[in-house]
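Trainee: Input: one structure, supplied below.
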Amino acid sequence: MNTLARWAHAEWGPLYATVREPLLKRRWRAVPLSIGAVCLTAALHYAQNQSWGYGFVQDVGAVRAEDPLLPALLRTPLSLFVPALDLPVWGALAQILIVFGIAEICLGRWRTLVLAYTATLAGTLYARLGLWLGPDHPLGLPVSDSHVVDTGPSAAVVGLAVFLGCRYGARVTVGAVIAAMVVEVALKGNLAGKEHLAAIAAVLVLCGVSALRQRRSRGRTGAGSGLPPIQS
């Protein structure tokens with residue numbers, strides 16, 4: 001096994017081993033949530049590109065920082081599946097299928113949905129905080145960003161990718177995702193990139209909490225059995 005193959009096995013081997021068997025046994029039946037998410041995203045994309053559907057999609061799934069907080073929070077769950085109008089939808093659909101699919105197998109449906117929503121909500125709330133801080137603050141945003149629609153499924157995809165990487169030891173992948181988002185902000189300075197970083201920050205906090213709980217659980221197990229705690 002050459003160096004690149006050994007690195008790939010170390011980086012993605014545990015994740016691949018977890019995903020492989022369910023996909024081989026159940027195929028598409030292993031990821032019903034992800035397939036449903038892809039279909040919903042495709043349907044919303046089609047609708048918002050029609051004269052009869054644009055207003056409806058905006059009303060039920062488009063979130064802007066200028067919106068009142070309660071309506072924005074009510075729209076946030078569906079905003080997970082409203083792709084950006086100015087980006088190729090096929091890229092979004094492929095990302096959702098792959099990342100949501102892996103997460104659904106590794107984490108379960110409900111945890112996948114909760115993490116995806118948490119990442120999206122973090123971006124939504126950051127936009128409001130950034131506007132409150134103002135353009136002169138390092139974390140602030142210009143007033144013009146209040147009219148921009150939130151990121152849609154991309155924040156959820158980024159958040160899930162980072163959580164999976166942390167959970168399964170794919171540290172290089174996590175670093176690459178974070179670096180790509182930092183470069184996006186540095187080059188474009190757009191709201192989407194900053195919301196992606198907010199989503200990553202929220203997920204990293206969850207990763208830290210999860211790791212701490214696992215460490216404490218292992219410590220209690222070791223103490224109860226008379227054995228020293230397992231070191232992570």
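For every residue, the table says whether it meets (1) aromatic (Phe, Trp, Tyr); (2) touching a Leu at 6+ places or on another chain (Cβ under 7 Å); (3) over 21 Å from residue 92 (Cα atoms).
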residue: 124; (1), (2), (3): no, no, no
residue: 130; (1), (2), (3): no, yes, yes
residue: 141; (1), (2), (3): no, yes, yes
residue: 144; (1), (2), (3): no, no, yes
residue: 158; (1), (2), (3): no, no, no
residue: 170; (1), (2), (3): no, yes, yes
residue: 174; (1), (2), (3): no, no, no
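Trainee: So for the stretch 107-123 (the condition being touching a residue at least 24 places away in the same chain (Cβ under 8 Å), more than 24 Å from residue 45 (Cα to Cα) and in contact with an Asp or Glu (Cβ under 6 Å, 6 or more places away or on another chain)), does at least one residue qualify?
Mentor: no
Trainee: Check 132, 90 and return the single one that is surrounded by fewer than 14 Cβ atoms within 10 Å (Cβ to Cβ), modelled with pLDDT under 90 and aromatic (Phe, Trp, Tyr).
Mentor: Among 132, 90, only 90 is surrounded by fewer than 14 Cβ atoms within 10 Å (Cβ to Cβ), modelled with pLDDT under 90 and aromatic (Phe, Trp, Tyr).
Trainee: Report every pair of residues separated by at least 6 positions or lying on different chains whose Cβ atoms are under 7 Å apart, first residue within the stretch 182-209 and touching a residue at least 12 places away in the same chain (Cβ under 8 Å), second in a loop (DSSP other than H, G, I, E, B).
Mentor: Sorted first by the residue in the stretch 182-209, then by its partner, the pairs are 191/141; 191/148; 192/151; 195/150; 195/151; 196/151.
Trainee: Might you let me know whether the stretch 191-205 holds any residue that is outside any helix (DSSP H, G or I), over 13 Å from the mean Cα position of the chain (by Cα) and surrounded by 14 or more Cβ atoms within 10 Å (Cβ to Cβ)?
Mentor: No.
Trainee: Among the residues of the stretch 129-149, which ones are more than 12 Å from residue 194 (Cβ to Cβ) and part of a helix (DSSP H, G or I)?
Mentor: Hits for the stretch 129-149 are 132, 143, 144, 146, 147.
Trainee: Taking the options 47, 62, 84, name whichever one is in contact with a strand residue (DSSP E or B) (Cβ under 7 Å, 6 or more places away or on another chain) and surrounded by 15 or more Cβ atoms within 10 Å (Cβ to Cβ).
Mentor: Step by step, each of 47, 62, 84 is checked, and only 62 is in contact with a strand residue (DSSP E or B) (Cβ under 7 Å, 6 or more places away or on another chain) and surrounded by 15 or more Cβ atoms within 10 Å (Cβ to Cβ).
Trainee: Condition first: of a type in the set (A, V, I, L, M) and surrounded by fewer than 17 Cβ atoms within 10 Å (Cβ to Cβ). Can you find one or more residues in the stretch 112-119 that meet it?
Mentor: Scanning the stretch 112-119 turns up at least one residue that is of a type in the set (A, V, I, L, M) and surrounded by fewer than 17 Cβ atoms within 10 Å (Cβ to Cβ).
Trainee: If I filter the stretch 168-190 down to residues being closer than 23 Å to residue 65 by Cβ and β-branched (Val, Ile, Thr), which single residue comes out as surrounded by the most Cβ atoms within 10 Å (Cβ to Cβ)?
Mentor: Step by step, filter the stretch 168-190, then rank; the result is 185.
Trainee: Is it true that some residue in the stretch 39-51 is aromatic (Phe, Trp, Tyr), at pLDDT 85 or above and more than 14 Å from residue 106 (Cα to Cα)?
Mentor: Yes - at least one qualifying residue is present in the stretch 39-51.
Trainee: Report, by residue number, each residue of the stretch 57-92 that is in a helix (DSSP H, G or I) and closer than 16 Å to residue 155 by Cβ.
Mentor: 61, 72, 73, 75, 76, 77, 78, 79, 91, 92
Trainee: Pairs under 8 Å by beta carbon, first residue under 19 Å from residue 166 (Cβ atoms) in the stretch 1-12, partner of a type in the set (Lys, Arg) and assigned to a helix (DSSP H, G or I), six or more apart or different chains?
Mentor: Correct list of pairs: 11/171.
Trainee: Please go through the stretch 120-159 and give me each residue that is out of contact with any His (no Cβ under 9 Å at 6 or more places or on another chain) and within 30 Å of residue 32 (Cα to Cα), ordered by number.
Mentor: Correct list: 120, 121, 122, 124, 125, 149, 150, 152, 153, 156, 157.
Trainee: Condition (residue is touching a strand residue (DSSP E or B) at 6+ places or on another chain (Cβ under 8 Å) and in contact (Cβ under 8 Å) with a residue 12 or more places away in the chain) applied to the stretch 68-78: is it met by at least one residue?
Mentor: The answer is yes; a qualifying residue exists.
Trainee: Next up: Please indicate, with yes or no, whether at least one residue in the stretch 55-78 is touching a Pro at 6+ places or on another chain (Cβ under 8 Å) and either under 20 Å from residue 113 (Cβ atoms) or at pLDDT 90 or above (or both).
Mentor: No, because not a single residue in the stretch 55-78 is touching a Pro at 6+ places or on another chain (Cβ under 8 Å) and either under 20 Å from residue 113 (Cβ atoms) or at pLDDT 90 or above (or both).
The values are calculated or read from the model by the stated rules, or taken from the named source; none is laboratory data. Quick caveat: nothing in here was measured; it's all calculated off a predicted structure. Every residue, glycine as well, gets a Cβ built from its backbone with ideal geometry; the counts of neighbours run over all protein chains shown.
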